[in-house]
1. Name the residues in segment B:48-70 that are more than 7 Å from chain C (Cβ to nearest Cβ) and β-branched (Val, Ile, Thr), would you?
2. Looking only at segment C:142-165, decide whether some residue is within 14 Å of chain A (Cβ to nearest Cβ), surrounded by 20 or more Cβ atoms within 10 Å (Cβ to Cβ) and either among the aromatic types (Phe, Trp, Tyr) or more than 12 Å from the chain's Cα centre (by Cα) (or both).
3. Is there a residue being within 23 Å of B:Ala38 (Cα to Cα) and within 14 Å of the chain's Cα centre (by Cα) anywhere in segment C:31-54?
4. Taking segment C:44-101 as the region of interest, how many residues are farther than 30 Å from C:Leu113 by Cα, without any contact (Cβ under 8 Å) to a residue 12 or more places away in the chain and either more than 10 Å from chain B (Cβ to nearest Cβ) or crowded, with 20+ Cβ neighbours inside 10 Å (or both)?
5. Can you tell me which residue among A:Ile183, A:Ile219, A:Ile235 is within 8 Å of another protein chain (Cβ to nearest Cβ), of a type outside the set (Ser, Thr, Tyr), crowded, with 22+ Cβ neighbours inside 10 Å and assigned to a loop (DSSP other than H, G, I, E, B)?
6. Can you pull out the residues in segment A:305-342 that are aromatic (Phe, Trp, Tyr) and touching a residue at least 60 places away in the same chain (Cβ under 8 Å)?
7. Under 8 Å between Cβ atoms, which residue pairs at least 6 apart in sequence (or on different chains) link something in segment A:157-179 that is within 11 Å of A:Thr145 (Cβ to Cβ) with a partner that is surrounded by 20 or more Cβ atoms within 10 Å (Cβ to Cβ) and among the aromatic types (Phe, Trp, Tyr)?
Amino acid sequence: MTEEKTHHPEPSYLVDTGKYKGLMAWLTSTDHKRIGLMYMYAMMVFFAVGVLLGMIMRIELFFPGQQFYGPQMYNGIFTIHGIIMIFTVVIPGLAAVFGNFSMPIMIGAKDVAFPRLNLFSFYLYVLGAAIALASQFMGNGPPDTGWTFYAPYSIQTHTNVVAAVFGAFVLGFSSILTGLNFIVTMHRMRAPGMTFFKMPLFPWSLYATAWIQVLATPIVGITLLMIIAERWLRIGFFDPSLGGDPVLYQHLFWIYSHPAVYIMILPAMGVITEIIPTFSQKKVFGYRAIAISSLAIALVGYFVWAHHMYTSGMSATARWIFSLLTFLVAVPSAIKVFNWVATMYKGSISVKPPFLFALGFIFLFMIGGMTGLSLGALATNIHVHDTAYVVAHFHYIVFGGVGFAFFAAIYYWYPKMYGRMYNFKMANWSFVFLFSGFNLLYFPQFIIGIMGMPRRYFDYLPQFTFGHQLSFFGGVLLVIGFVIMLITLFSKKGAKAPDNPWGGRTFEWRIPSPPPLENFDIMPEMGENEQPYDYK
Amino acid sequence: MHTETVHITPYRAHAWVLIALLALTFVTITVTWIDLSALTVAIALLIASVKAYIVLTNFMHLKFESSLFRVFVGMVLAIYVLVILFTLSDYLFR
Amino acid sequence: MEHRDDIGAKLGMWVFIFTEILLFGGLFLVYAIMRLSYSNEFHQAAHHLNAFIGTINTIVLLVSSATVAMSITAVQKGNNKLAVLLLFITLICAAVFMVNKYFEWGHKIHIGLYPGSDLMVSLSHGQVMFFSLYYFMTGLHMFHLVVGGIILTIVMIKVQTGTINASRYVLLENGGLYWHLVDLIWIFLFPLLYLIT
C-alpha cells in the first residue's frame with residue numbers, strides 16, 4: 001500500500017509517518033481512515049467465509065435428500081453463516097467502514113471524537129469475531145441453534161453455544177463504542193457553520209444508527225449473558241422446567257435484533273443518498289424529509305420487534321399493535337425512496353458504477369421492503385412464517401440492500417481511499433453478474449416459500465427441487481460477480497484519481513485523493529448560504 | 001470552545017441532598033411495614049424514582065448541564081418505558 | 001495542539017451511561033414479567049433476604065455518592081487533599097458494601113440457596129425466578145461497583161499527583177458519573193428485591 005510522492009505538501013494517510021512502518025503502523029494507527037480500511041479488509045475476509053458457507057448449503061440443497069453431509073452439519077453451517085454475516089459483516093458494515101472513513105471528513109473534522117476508543121472498538125471487533133469463529137472448532141462441535149440462539153434449545157444443546165454467544169456479546173460491545181464515538185463526533189466536531197440541518201445525509205443516517213447501536217445493543221448484551229448464565233448456572237429465566245419463559249427470550253432478543261436491521265440498513269440508505277445527487281448533479285430532493293426520516297426509522301424501528309413472534313403465542317393485542325407499528329415504519333422508508341427518485345428526475349445523470357449499484361439497491365430494497373410488509377401483516381405471516389419466503393425477504397434487505405449499498409460505497413469512495421481509479425467496464429460487468437445472480441438466487445426462494453418450503457431445512461420435497469437448483473446457479477453467478485469486483489478493485493493499480501472524480505459537493509471531494517493524515521490543510525467552514533448539496 | 005462558566009456546587013448543598021436521600025430511604029422502608037397490598041410496589045417505585053431524580057439532577061449535575069443532556073436522558077427513559085409498555089401489551093393481554 | 005473537549009468527554013460518558021441503563025433495563029424487564037407471573041411467590045421469597053443488610057448497603061452507597069460529588073467541589077476549589085480524602089471515603093464505602101454482600105451471599109450459599117443447587121431446584125418456580133434474579137441483578141451490580149472502584153482508584157491517584165486539578169477535572173467528573181450510576185441502579189434494586197415482603 002505504498003504511495004508515491006504527491007504534489008500536496010502533507011503526505012497522504014497511506015504513508016507511514018509514525019513510529020512504526022508497514023503492518024504495525026496500521027495496527028497501531030488511530031487514524032479514522034486507516035481504521036475504516038482495516039474494518040473493510042476484515043469484513044471482506046468474513047464475507048468471503050460467509051459466502052463460502054452459503055454455497056456449501058446450496059450445494060447440499062441441489063437435490064432433495066442427503067448429498068454430501070448430514071443434517072447436524074447443515075445446522076452448524078447455517079448457524080455460523082448467520083453469525084458471521086449478521087454480527088461481523090452487516091451490523092458493523094457500512095457504519096464501521098465508511099462511517100469511519102468518510103464521516104469525519106464529511107463533517108469537516110480531523111478525526112472522530114475519541115480516536116483511541118475507535119481503535120479499541122476495532123480490536124474488540126476482531127476479538128469478538130475470533131471468538132465466534134473459534135466456537136466452530138472448540139467444545140462439542142459447532143453451535144446448531146441458528147444465529148438467533150432461541151431458548152430453550154440454546155440452553156439444552158450440547159454444542160458450543162457459549163463461545164458463539166460470548167463472541168456476539170463482544171461484537172455488540174464494539175458496536176456500542178463505535179456508536180458512542182459517532183454521536184459525540186457529530187455533536188462536537190462539525191465544521192463551523194455546519195448546523196445539524198446542513199450536515200450531509202450520510203452522517204445523518206449514521207447519527208440515527210448510532211443511537212440504535214447505543215440504545216438497543218445493551219439489551220441483547222444482557223440477554224446473551226443470561227443465556228450463558230442459563231447454561232452455566234441454571235438461573236432458568238428462559239427454561240420452562242424451572243418456571244422461566246422462552247417467549248421472554250424472544251422478546252429480549254428481538255428488542256435488539258430488529259433494530260439491528262436498521263443499524264444495517266440506515267447507513268446503506270445514507271450512502272445511496274450521497275450517490276444519487278452526485279451522479280444526477282442535482283440538489284437532493286427533500287433534504288429535511290430524508291434527514292428526519294432517518295430518525296423516524298430509528299425511533300419507530302425500535303418498537304416493531306415482536307413482528308418476529310406472531311406465531312409464538314403472543315396476545316392478540318400485542319400482535320395487532322406490532323403489526324400496526326410495522327406498517328408505520330414503512331412510511332419513512334418509502335419517503336426516502338420517493339426522494340431518491342425525485343432527485344434523479346430531470347437531473348443530468350451519468351451512469352457510473354456507483355450509480356448503477358445505487359439503482360440496484362433501490363430495486364432490491366423495494367422488493368425486500370414490500371415483501372416485508374406482507375410478512376408484517378398478521379394473516380399472511382401465519383402462512384409464510386419460517387419458510388423460504390422469509391429467507392428471501394431478509395436477503396433482499398440485508399444483501400440486496402446493505403450488500404449492494406456496500407458495493408456502491410466502495411466504488412464511490414474507492415478513488416478517495418486509494419487515490420486511484422478503477423476500470424469502469426469491469427465494474428459494470430461485476431454489477432451485471434451480481435445483480436442477475438442475486439435475483440436468480442433469492443427470487444425462487446419467495447416462490448418455493450409460498451409453496452411451503454420451510455427455512456433451515458436440510459431436506460425438502462421433490463417439488464422444490466427446481467427452485468433450489470435455480471438458486472444454486474444464482475449463487476454461482478454471484479460468486480463470479482464478487483471475483484470480478486475484487487479483480488477490478490485490487491488486481492492492478494488504476495490511473496491516478498483526481499481530487500473530485502464524480503463532481504461531488506461534500507467536503508471529502510475538496511481534499512486530495514488520498515487525503516492527508518489530518519484530512520484538511522485548512523479547516524473547512526460552511527458559509528451562511530451554503531448547503532451540503534449545492535449543485536447547479 | 002471552553003468558555004462556559006463553571007458551576008461549583010457548595011458542600012452544604014451536597015450534604016442536604018444526602019440527607020434528603022437518606023430520609024426517602026427511611027420513608028420507603030417505613031411504608032413497607034404498612035400493608036397497602038397492590039399499592040406497595042407503586043409507592044416503592046415512586047419513591048425510588050424521586051430518589052433517582054434527585055441523584056440525576058444534583059449528584060450527576062444535570063441541573064447545570066446544557067439542556068441537550070436533559071433531553072437525552074428524557075429520551076432514553078421514555079424509550080425504555082415504551083419498551084416495557086409494549087412488552088406488557090403481550091403479557092397483560094394473554 | 002492537543003484537542004480538548006470537556007463537554008464532548010462528558011457527553012461520551014453520558015451516552016455510555018445510557019447503554020448501562022439499558023443493560024440493566026433488560027434485567028428489570030425480566031423482573032417485571034416474572035413479578036407479574038409470580039407475584040405471591042416473590043413476596044414469600046423476599047422474606048429470605050436480609051433487609052437490614054440491604055438498608056445498610058443503601059445508606060453506604062448514598063454516602064459514597066455524596067462524597068464523590070463533594071470531591072468534585074473540592075477539586076474545583078483547588079483543595080486536592082480534601083478531594084483525595086473524600087474519594088478515599090468513597091472507596092471505603094465500596095469496600096464495606098462488598099463485605100456486606102460477601103456475608104449476605106455467603107450465608108445463602110452456605111444454606112445451599114444458589115442457582116442450580118438442589119435446594120433451589122426443589123423450590124417453587126416463582127421462588128427460583130426470584131433468587132435467580134436476585135443473584136443475577138446484584139451480581140451484575142457488584143461487578144459494576146468493582147469497575148467503578150477501580151476507576152475511582154485511578155482517579156484518586158491522579159488527583160493526588162495533580163494530573164486532575166482545578167482547571168482540568170473532567171476525568172473526575174466522568175468517574176463520578178459512573179459511580180452515581182452504580183448508586184442509581186441500587187436505588188431501584190433495593191426496594192424491588194428487599195422490600196417486597
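Nothing in this text is a laboratory measurement; each read-out follows from the coordinates by a stated rule. If you're wondering where the values come from, they're calculated on a predicted model, not measured in any experiment. Counting neighbours? That spans all protein chains shown, and the Cβs are built from the backbone with ideal geometry, glycine included.
1. Residues satisfying the conditions are B:Val50, B:Ile54, B:Thr57.
2. Taking every residue of segment C:142-165 in turn, none turns out to be within 14 Å of chain A (Cβ to nearest Cβ), surrounded by 20 or more Cβ atoms within 10 Å (Cβ to Cβ) and either among the aromatic types (Phe, Trp, Tyr) or more than 12 Å from the chain's Cα centre (by Cα) (or both).
3. Yes, some residue in segment C:31-54 is within 23 Å of B:Ala38 (Cα to Cα) and within 14 Å of the chain's Cα centre (by Cα).
4. Number satisfying all stated conditions: 4.
5. Every option except A:Ile235 fails the conditions.
6. Applying the first criterion (aromatic (Phe, Trp, Tyr)) to segment A:305-342 yields A:305, A:310, A:320, A:322, A:327, A:338, A:340.
Selection gives A:Tyr310, A:Trp340.
7. If the second residue must be surrounded by 20 or more Cβ atoms within 10 Å (Cβ to Cβ) and among the aromatic types (Phe, Trp, Tyr), the pairs left are A:Val161/A:Phe149; A:Ala164/A:Phe149; A:Val165/A:Phe149.
Residue-by-condition table, conditions (1) over 23 Å from C:Ile53 (Cβ atoms); (2) touching an Asp or Glu at 6+ places or on another chain (Cβ under 8 Å):
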position	(1), (2)
C:Phe131	no, no
C:His144	no, yes
C:Ile150	yes, no
C:Val155	yes, no
C:Thr163	yes, no
C:Leu189	no, no
C:Leu193	no, no
